[in-house]
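Written out below as structure tokens is the structure these notes cover.
Just so it is clear, none of the values below were taken in a lab; they were calculated from the coordinates. Computed from a predicted model, the values in this text were never measured in an experiment. Counting neighbours? That spans all protein chains shown, and the Cβs are built from the backbone with ideal geometry, glycine included.
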Amino acid sequence: MGDAGDGAGALSLAQVGGTEPMTSRTKIVTVALILAFVALLLYGTLASQRAECEVCVEFRGGRNCASASAASEAEAAAAAQTTACGPLARGMDASIACGRTPPVTRVCRAR
């Protein structure tokens, strides 16, 4: 009779409902689809960034600069100022006050 070591009772993965290993064509198609998806995400994110600003802010004795990009110059400048104020302001009141402080420098350019 069949003994466990002779392989007579062994079933392949396909026979027990498993899947066979991916073929090289399937792997290539899968990698291509993943790369296409990543490229679409990058394009969608970067295409909407039309302006870039660098803003420097002085607040309560400290100075910090940051840059940001956005669809418009006003949005990019506001985002850069918010980012520059981050390390300078402690608490919501200080964050609001820093955001309302005119920047020391503001350099924007179209992308």
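Here the extension length gained between Asp93 and Ala74 equals 4.6 nm, from 0.36 nm per residue of separation less the Cα-Cα distance. Across the alpha-carbon atoms of segment 29-85, the computed radius of gyration and Dmax are 16.4, 57 angstrom. Modelled label positions at Arg100 and Cys65, each set 7 Å beyond Cα in the direction of Cβ, lie 2.7 nm from each other.
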